1. Give me a count of the residues in the stretch 64-90 that are under 30 Å from ALA145 (Cα atoms) and assigned to a loop (DSSP other than H, G, I, E, B).
2. Being at pLDDT 95 or above, in a loop (DSSP other than H, G, I, E, B) and closer than 27 Å to HIS130 by Cα, is that true of even one residue in the stretch 54-63?
3. For the condition buried (at least 20 other Cβ atoms within 10 Å of the Cβ) and more than 18 Å from ASP137 (Cβ to Cβ), what is the one hit in ARG85, ARG54?
4. Just give me the residues in the stretch 132-160 being more than 22 Å from PRO38 (Cβ to Cβ), in contact with a His (Cβ under 6 Å, 6 or more places away or on another chain) and not in a helix (DSSP H, G or I), in sequence order.
5. More than 29 Å from TRP255 (Cβ to Cβ), at pLDDT 95 or above and surrounded by 15 or more Cβ atoms within 10 Å (Cβ to Cβ): is that true of GLY126 in this structure?
6. Suppose we filter the stretch 219-264 for residues that are hydrophobic (A, V, I, L, M, F, W, C) and not in a helix (DSSP H, G or I); how many remain?
Amino acid sequence: MPSPEEVPVFVLCGGFGTRLNGSGAPVPKPMVEIGDRPLLAHILECYARHGFRRFVLCTGYRAPAIHSYFALLPAILCDFTVDLRDHSLSFHQNGPLPDWQVTLAFTGLDSMTGARVARAAARYLGDAEHFAVTYGDGLTDADLADELSFHLSHGAIGTVLAVNPPDRFGRLALHDDRVTAFREKPVSDDGWINGGFFIFRRAFLDYLSSDSSCVLEAEPLDRLAREGELRVYRHTGFWSCIDTPRDHERVRGLWEAGAAPWKP
């Protein structure tokens with residue numbers, strides 16, 4: 001059975017994020033700040049606190065902002081010395097540098113979510129039998145290692161975190177721990193929605209396409225549910241999607257007040 005550190009996490013952070021910042025935003029949505037770091041760093045910490053350390057960032061819109069942040073992170077967190085004679089750079093291990101392996105994978109400017117996962121997985125999944133997928137705008141205090149344990153126990157291809165916030169998000173039709181339908185943003189349902197923290201067996205790649213039009217939340221997940229291969233991991237604790245300025249202000253306020261439930 002794989003441990004969390006053996007399971008790569010693919011983070012979808014290539015969208016335009018117009019509802020949060022508008023199309024002329026100076027940074028992509030995953031890079032908006034919460035406290036002293038971008039939202040994306042908080043998301044990786046949600047996983048890292050449960051033992052995950054391998055991350056593949058599926059970038060697109062304003063990719064250089066994300067790529068440069070992680071390329072420069074050692075210089076941000078640690079002292080370093082530049083030898084101007086030979087242009088060498090050495091870092092001093094006196095800062096809180098995370099024990100993460102972060103791969104930056106440009107997956108196209110206009111690619112949809114399913115295409116991004118398919119393209120990045122083709123390059124960086126390696127021989128891993130299981131992988132996680134999440135969005136670059138969600139925070140939670142869910143036990144993601146326990147979700148992995150649940151996923152490994154049931155034998156189906158996929159597992160999705162289900163949460164209970166407002167009606168504007170995608171809905172899951174459930175029977176016990178089985179997802180029977182996956183419907184994105186319906187008018188009404190029974191209260192459980194797609195929380196955006198997935199775990200899949202590599203067999204899920206057969207449901208995806210590298211074609212730019214492939215939407216993860218449409219045919220791939222709906223087909224998985226119809227075939228009885230998608231299970232639900234229910235979470236009744238904290239979850240938030242940072243989709244609008246109001247969402248951003250709320251989570252930023254929690255962080256500044258020292259009351260952020262997702263904080264390690």
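The values are calculated or read from the model by the stated rules, or taken from the named source; none is laboratory data. Quick caveat: nothing in here was measured; it's all calculated off a predicted structure. Virtual Cβ from ideal backbone geometry, glycine too; neighbours counted across all protein chains shown.
1. The total comes to 1.
2. No, that holds for no residue.
3. That would be ARG54, the only listed residue that is buried (at least 20 other Cβ atoms within 10 Å of the Cβ) and more than 18 Å from ASP137 (Cβ to Cβ).
4. Scanning the stretch 132-160 gives a single hit, THR159.
5. So GLY126 does not fit the description; no.
6. 10
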